[in-house]
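The values are calculated or read from the model by the stated rules, or taken from the named source; none is laboratory data. What you see is a predicted model, and the numbers here were worked out from it, not measured in a lab. Counting neighbours? That spans all protein chains shown, and the Cβs are built from the backbone with ideal geometry, glycine included. In case anyone asks, the SASA skips ligands and DNA or RNA and just uses the protein heavy atoms, side chains included. Shrake-Rupley method; radii C 1.70, N 1.55, O 1.52, S 1.80 Å.
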Amino acid sequence: MYIGPYNSKGLNKKCEVPTDPAYPVCAEKVEFLRAWWQSDPCYAFYGVDGSTCSILVYLSQMEDFCPAQPGENHTAVPWHHKTPSYTKKAMIRDTLSPLYEVISNSSSPAVKFIQSRVERMSERWTWAGKKMKQSRIKTVTPQMKVLLYLGALVGSVGQRFEATIDRGGPLGELVQWADLSACLTILGHNLTFSTSQHQLHSLIGAAPGQGSCPIQRPLTFDLIYTDYHGLAHLHRAMGLAFQHYQCRFRILDSFGTEPAFNLASYAHIRGYKTLWGSWGLQPLQYMTMFPHTPDNSFLGFVSEEVVKKEVRDGGLKPESYKKDRIAVVYGKQEYMWQGKSEYVEVISKELEIHGTVYQPPGQTSSLPSFVKNHGLLSQENFLQLLRRAKVFVGLGFPYEGPAPFEAISLGCVFLQPRFDPPHSSHNNDFYKGKPTTRQITSQHPYAEQFIAKPYVWTVDMTNRTDIREAVKSILKTKGGRGASAYLQQSWGKRQGTPWTGHQSVTHSNPGPSCCRVKPFTPLEFTCLGMLERVRNYITHQNFCGKSVATWPPESALRVHLGPLGESCVDVCQHSSLVCEPAFFHHLNTPDIFSRLRLGCSSTVQEVSHLFPSYSPWGRLCGLQQEPLLFSCAGSDSSHRRLCPCRSHHE
């Protein structure tokens, strides 16, 4: 219960700053507040008036830096959380009505987009929920109170973002927010949806002011999903309570945050400090659009497709359609086409080129004359266009978006440029400052590696022959095969999802099958796949406790010593395994080097995202001192990583 502001009026006694070894920084905090108590109105709200007595009461009752005053009993600060006592179980819903109730009153273009997407896909979500109910695997999950706070839509940042929605701006983040909202609703949790910083302060009980003080009461939400902007808003509103409750945060982070960028002190010293990162969360609290590294949690999204209203053979089927000899270009703004005319022209010799480029009123188009531009289309009309197309053409940007998956699910082949050298934070303005060391080998490296041919073709955009031959091969291709089993097994199974082998969703197409690939949707990008994944994250991911993870079992561990310069992601992949960060603590012992027959001239324990590892120069063996830096992604030319791998099936 909130303890009201202290009032020092009428207090005649003189208050002495106590010297208590149990509160070693009390005197330091008193001196700080004597000088700075007027810097934030929150101190006055909690009763600080500059007197030593008022400061001591505040520091004992609200921040726990000083002992209780004589004659008062010491109690826990009022904003500390109590152990949650869940009274209800999360029951799978067969309606999205609770979500509509919390988002339907918004006039925000971004929220309108989210609502429109949820409504369009509602039949698929409710069908997937019914399939989960019928599953033999019965996972009991307590009903959570969940806050979705879209920080990127707040304030001036939000205004700039929303101004681009109807002009071809990026929508990938909104796609993910829409699908997460629908997912949590179907899973039976109670959602609060906010795009207002003022409302956020009210929801979390922030004290009036600038956020220097703790919140007024225990946090009432079991989970808070937000983004990097929202994380900063929470930090500026919660004071000391931010660190206390940060284990409940889940950060939607499209491109991922590697451990080396996550710990502020380490990032600053080792040159990994960027505008993002440095929050010191558990790496698995960052939830990505695609599975970039097992260090983060793969949240994903659902690949949208056109479906019939009726249900046949136990599933929703795409509408029958006929493919025309056309290609749709992936690029909604003209700047994305700059310097790509020759590449698109080669494709135009075999296919009629269609664009969906935003055209500002009164502005002359600079697109090549052979392009049939439809202008910016609604999502429904865009999907209808993809239904007719044989090829979806990537221009190199935007990177790693959801649109290629929608195209593939509608029977299009995705043709994309290869990057040589790979794009990264060192040579590319888009990735510069992002908390990742990934080397981006194509516009969509996940599609290139895990979907691959016949659905995805990657070409040298400057080589006319390479482009021409790829297009001719695509036009001769028919049928299709399952893909992406690696993903279904590794990122799904690692949180308990019951994917034990190759499972994909392919749809039969009426009509001639010559020169056409079948529509294909990887299971992890279906409603059912995302429901299972999110349910298992909520069930198994607990970052508020001190206990070491017990899943997967240690019996699944396969220890591999990598070559110089290779990350554990790659080391494990080369053996058809996946890096499992939960196993790192099993390798972080001196005897592991003996088991691998490595003679160590010396063994050190340091703070490094490369440890545990072995350096052949000087036969130096290194152990990890900071668990937050256990990293599947880290690599260095002078270290051989000790890698905790496991089978996709375990």
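What pairs come up if the first residue lies in the range 125-143 and is at negative phi and outside any strand (DSSP E or B), the second is among the polar types (S, T, N, Q) and at pLDDT 95 or above, and their beta carbons are under 7 Å apart, counting only those six or more places apart or on different chains? Once the first residue is at negative phi and outside any strand (DSSP E or B) and sits in the range 125-143, its partners that are among the polar types (S, T, N, Q) and at pLDDT 95 or above give Thr126/Thr95; Gln143/Asn190. Here the range 322-368 is the region considered, the condition is being small (Gly, Ala, Ser) and without any contact (Cβ under 8 Å) to a residue 60 or more places away in the chain, and the residue that is surrounded by the most Cβ atoms within 10 Å (Cβ to Cβ) is Gly355.
Could you go through the range 35-48 and let me know if any residue there is of a type in the set (Val, Ile, Thr), open to solvent by 20 Å² or more (accessible area, probe 1.4 Å) and touching a residue at least 12 places away in the same chain (Cβ under 8 Å). No; the residues of the range 35-48 include none that is of a type in the set (Val, Ile, Thr), open to solvent by 20 Å² or more (accessible area, probe 1.4 Å) and touching a residue at least 12 places away in the same chain (Cβ under 8 Å). Out of Val77, Val102, Val146, one residue alone is in a helix (DSSP H, G or I) and under 30 Å from Gly239 (Cα atoms). It is Val102. Would a scan of the range 90-110 turn up a residue that is in contact with a His (Cβ under 9 Å, 6 or more places away or on another chain), among the hydroxyl-bearing types (Ser, Thr, Tyr), surrounded by fewer than 19 Cβ atoms within 10 Å (Cβ to Cβ) and in contact (Cβ under 8 Å) with a residue 12 or more places away in the chain? Scanning the range 90-110 turns up no residue that is in contact with a His (Cβ under 9 Å, 6 or more places away or on another chain), among the hydroxyl-bearing types (Ser, Thr, Tyr), surrounded by fewer than 19 Cβ atoms within 10 Å (Cβ to Cβ) and in contact (Cβ under 8 Å) with a residue 12 or more places away in the chain. Of the strands (runs of 3 or more DSSP E) lying entirely inside the range 544-642, those carrying at least 2 residues that are within 19 Å of Thr437 (Cα to Cα) are 558-564. Taking Asp570, is it open to solvent by 20 Å² or more (accessible area, probe 1.4 Å), closer than 18 Å to Ser297 by Cα and not β-branched (Val, Ile, Thr)? Spelling it out, Asp570 is indeed open to solvent by 20 Å² or more (accessible area, probe 1.4 Å), closer than 18 Å to Ser297 by Cα and not β-branched (Val, Ile, Thr). Of the residues contained in the range 41-63, none is found to be at pLDDT below 90 and either under 23 Å from Ala237 (Cβ atoms) or not aromatic (Phe, Trp, Tyr) (or both).
Considering only residues of the range 423-441 that are touching a His at 6+ places or on another chain (Cβ under 9 Å) and either basic (Lys, Arg) or modelled with pLDDT under 95 (or both), which is farthest from Cys568 (Cα to Cα)? Only one residue fits best here, namely Lys432.
Inside the range 305-347, can you point out the residues that are among the hydrophobic types (A, V, I, L, M, F, W, C) and at pLDDT 95 or above? Across the range 305-347, the qualifying residues are Ile326, Ala327, Val328, Val329, Met336, Trp337, Val344, Val346, Ile347. Cβ-Cβ contacts under 9 Å between residues 6 or more apart (or on different chains), taken from a first residue in the range 417-442 that is closer than 23 Å to Ser631 by Cα to a second residue that is of a type in the set (A, V, I, L, M, F, W, C) and in a strand (DSSP E or B), are listed as Pro422/Ile440; His423/Ile440; Ser424/Ile440; Tyr431/Ile440; Gln439/Phe419; Ile440/Phe419; Thr441/Phe419.
Yes/no per residue for (1) modelled with pLDDT of 95 or more; (2) among the acidic types (Asp, Glu); (3) touching a Lys or Arg at 6+ places or on another chain (Cβ under 9 Å):
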position	(1), (2), (3)
Thr526	yes, no, yes
Gly529	yes, no, no
Val534	yes, no, no
Gly545	no, no, no
Leu564	yes, no, yes
Cys568	yes, no, yes
Val571	yes, no, yes
Ala582	no, no, yes
Leu587	yes, no, no
